[in-house]
């Protein structure tokens, strides 16, 4: 996708929607309904070239391992490919799947044991984009009007969620993100994702495209 690179008005920017560009909208919508995350993403048709790692993941944070397993099974049953089986790790319990449209999803909890029954509830959804320079891209977004909620030097940054979107935006080193997801870091072509915002159209330093929310012709999943 070719985007016009303009500057948004400071203090104006808020993430309002996440749109995945897919080849088959009907099939993608069917998958996301079965997965149980259709309220968090939109889809629209695109034939844009993309190969390898697209530079981002959508991450679900849930209450416990049983809930991770439930979402994980739902995704696999609906046609997702397992990239990392759900398992305990240093930070908790998580698994990684790739949707039929190519989007990578991580399902995680900080808990290593269940403190209650499995649910179909999501605590947080985070769009984690892989960037070359976390500090530089963080400053770019601060200049656009986003507020930093968490920051760990040049490794990770998370922005405060806007009141218009259930999805948070965060930054991670591209190579580290690919390693965490279990995929090669190399990739070419379109990211195949568009962020809807409360400011004008622009493209960030790592090629992620934003469009004014009113101009997004999306199809709810």
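For this structure, a couple of remarks:
- The range 188-203, subset in a loop (DSSP other than H, G, I, E, B) and surrounded by fewer than 19 Cβ atoms within 10 Å (Cβ to Cβ), residue modelled with the lowest pLDDT: 200
- Test for residue 149: is it surrounded by 14 or more Cβ atoms within 10 Å (Cβ to Cβ) and either within 24 Å of residue 16 (Cα to Cα) or at pLDDT 95 or above (or both): no
- Cβ pairs under 9 Å, 6+ apart, first in the range 8-27 and at negative phi and in a helix (DSSP H, G or I), second crowded, with 19+ Cβ neighbours inside 10 Å and modelled with pLDDT under 95: 25/221
- Screening residue 92 on (1) surrounded by 15 or more Cβ atoms within 10 Å (Cβ to Cβ); (2) within 18 Å of residue 29 (Cβ to Cβ) shows it passes everything except condition (2).
- Residues that are in a loop (DSSP other than H, G, I, E, B) and modelled with pLDDT under 95 within the range 156-187 comprise 160, 161, 162, 163, 164, 165, 166, listed in sequence order.
- Only one of 132, 121 that is loosely packed, with under 13 Cβ neighbours inside 10 Å and within 14 Å of residue 61 (Cα to Cα): 121
The values are calculated or read from the model by the stated rules, or taken from the named source; none is laboratory data. What you are looking at is a predicted structure, and each value in this text was computed from that prediction instead of being measured. Heads up, the Cβs are rebuilt from the backbone with ideal geometry, glycines too, and the neighbour counts pull from every protein chain shown.
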